[in-house]
Amino acid sequence: MLRVKAMERKSVRNLRDMPVYPMRTVVKLTGVGPHKLRFWESRYRLISPSRTRTGHRLYSKRDLEQIKAIAELVEKQGFSLVAVKEMLSAEKVASPRSRRNNGNERKDK
């Protein structure tokens, strides 16, 4: 039973990471214009969508969530893009530590 639930969670994570949304759909779902999306990608590296063989961007569910979070921080809370990039970088650094023994690593001498 536990193994099945673990597999289900893993497949859900994979679905969140699967690039399936073209830019026009992302624009409709997030309200963020295509110029802003490309700017956030090229200048600040805040998002990194996958590309098709022909170069078209494809976004995942996780990308959509991140775009919405960035838009909230920038447009509604007034953070700069530099500050948002620092926040996202700090989250990525802190995230692996929290998964490893909750920060209580065993130190062998």
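The values are calculated or read from the model by the stated rules, or taken from the named source; none is laboratory data. In this text, all values refer to a predicted model and were calculated from it rather than measured experimentally. Cβ: placed from backbone, ideal geometry, glycine included. Neighbour counts: every protein chain shown.
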Report, by residue number, each residue of region 48-62 that is within 18 Å of N14 (Cα to Cα), of a type outside the set (S, T, N, Q) and either in contact with a Leu (Cβ under 8 Å, 6 or more places away or on another chain) or modelled with pLDDT of 95 or more (or both). P49, R51, L58, Y59, K61
Qualifying residue in region 78-97 (condition: among the basic types (K, R), modelled with pLDDT under 95 and out of contact with any Leu (no Cβ under 8 Å at 6 or more places or on another chain)): yes
